[in-house]
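The structure under discussion appears below in the form of structure tokens.
Just so it is clear, none of the values below were taken in a lab; they were calculated from the coordinates. This is a predicted model, so every value here is computed, not measured. Cβ sites come from the backbone with ideal geometry, for glycine too, and all protein chains shown count toward neighbours.
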Amino acid sequence: MTAAPEEMACRICLSPLNILGTPPTYVHPIQLATDGHQPVPVPVRQLDMVNRHCDFCGDPHPAWTLVGGEVTAIALGSSAGLVQNLGQAWATCATCQTYIDDDRTEKVVDRAVRAFGLGDHSQVRERIEELHQAFLNARRPGRTLITTTAWPATVITARELPKVRDRLTRFYRGTDSLPTALATAETRQEVAAGLDRAGLFWIDDDFTDLAEYAAEKLPDVTISRDLMPSTDGMLVWSRPVTPRQITAASWTTTSDGWHLINYRTIGGGLDGTPLQRLREQVGWLAPMSTVWVHEQHLLPGEHRAAALVATWLLIAQQAATVTTAQVDKAVRKSYARTNRPMPEVRIVRVRANRGSQPSLGRSAPGNPGRPQSSRFWVSGHWRNQPYGPGRALRRPIYIHPFLRGPDNAPIKLSTTVRMLTSQSAKSTR
């Protein structure tokens, strides 16, 4: 049996590409309006976001991939015909999936007719229904969660974190499929077991800002066990971070390393039964990317896990204060009914300012022999610090912005610095 070709998307517009011929030629879908650029194919597995739409109704936030009959649409015009292979893998939004599950496929057709602005033309409706049924009548069992949909962000509070973790764990142990990196049953079971053991961390607004800013400048980091605030863990930032819009991350210990997984929230913008079904079947989080690392693994600073590693480092260097959150009442009752120990959720905050950074040197920058006549801000940055036996190892520590120069000198104007504390504003001029 020949394996299906790997799905590709255009790096420029992030749209899935159609495959024509052998050897394959990649083209934009016929109905896609582009600026005329040529496709730049890249494997979908390398992308955090793909601009898909529901193949039934056009909704821009598809949740699942279904596999059904191979569908080809033929459109005949006055001068020529148009043949389009719609394929056997269709994306479906949560609402269409709900109707399909409830065997109310006429509602799916209704959504398509309304979304495409086709009015109440009976022949058009019949053609759409024929296409849908050609696919659904040959539908295969199972479905795969789409993890590249850029859902609107959903806020997750510290009180909700145990429930969010438990729903995610249940999904990993379920039968719905995941894309390649987390597709194997062994990996899914390892991650689920790690989440059961996980320490739970909720990162407050100021610390989220600090972690994101520090992640932008993160140097290459050697992964080691003592970087992590717990053996297994899951943390949620107060808002999505980095251009990848990561909301949460987890780390799971294996026999010879760790699974590091980034997550985005799902379900934003939904309501009613489709939202309820998605929460029950998946939860609040969808895995975006995963990487396996081992002890002394060198992780590049621009890696997808940079935000997680930067947060670890900031916690490890005691840039944080940690308090315990009050868990949601419904969660407490649920754990009590099943005789499970109450989970502890730790809230991570920026440690309060313990005084100004001492002036480091009196010379003007670039001219060590010339006394400074003003103070200037040194931006936040990472610096390697010796540690371990004989101080032979190195670990990045984050240096907060500070003033350099004589204590009584005026501050040089037009210098912008990002200051993050538990009490003050985010920037100073």
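If you take the Cα centroid of region 246-290 and the Cα centroid of region 150-213, the two points sit 5 Å apart. Summarising the amide proton neighbourhood of Gly380: residues at separation of 5 or more, or on other chains, whose placed amide H is nearer than 5 Å comprise Arg418.
Across region 158-350, Cα pairs under 8 Å and at least six residues apart give a relative contact order of 30 percent.
Taking the beta-carbon count within 10 Å as an exposure proxy, list Arg395, Arg45 from fewest neighbours to most.
By the 10 Å Cβ count, ascending: Arg45, Arg395.
Computed 3J(HN,Hα) for region 245-253, one whole-Hz value per residue from the Karplus formula 6.51 cos²θ - 1.76 cosθ + 1.60 where θ = phi - 60°, is 6, 7, 9, 8, 8, 9, 9, 10, 7, glycine and proline marked x.
Under the rule a/c < 1.5 gives rounded, and otherwise a/b versus b/c splits prolate from oblate, where does region 87-156 land using the Cα gyration tensor? Mind dumping the intermediate values first?
Numbers: a/c = 2.19, a/b = 1.40, b/c = 1.57.
Since a/c reaches 1.5 but b/c is at least a/b, the shape of region 87-156 is classed as oblate.
Amide H to amide H distances under 5 Å link Ile266 with Leu285, Ala286, where only residues 5 or more positions off or on other chains count and H is placed in the peptide plane. Karplus-based coupling profile of region 300-307, in residue order and whole Hz: x, x, 8, 5, 4, 8, 4, 5, with θ = phi - 60° in 6.51 cos²θ - 1.76 cosθ + 1.60 and x standing for Gly or Pro.
A simple count of charges around Thr154, restricted to other residues whose Cβ falls under 14 Å of its Cβ and scoring Lys, Arg +1 and Asp, Glu -1, yields +3. Residue-wise HN-Hα couplings along region 197-203, as the Karplus relation 6.51 cos²θ - 1.76 cosθ + 1.60 with θ = phi - 60° gives them from phi, are 8, 5, x, 10, 10, 10, 9 Hz; Gly and Pro carry x.
Amide H contacts of Ile246: Val241, each under 5 Å away and 5 or more positions distant or on a separate chain (H built 1.01 Å from N in the peptide plane; Pro and chain starts excluded).
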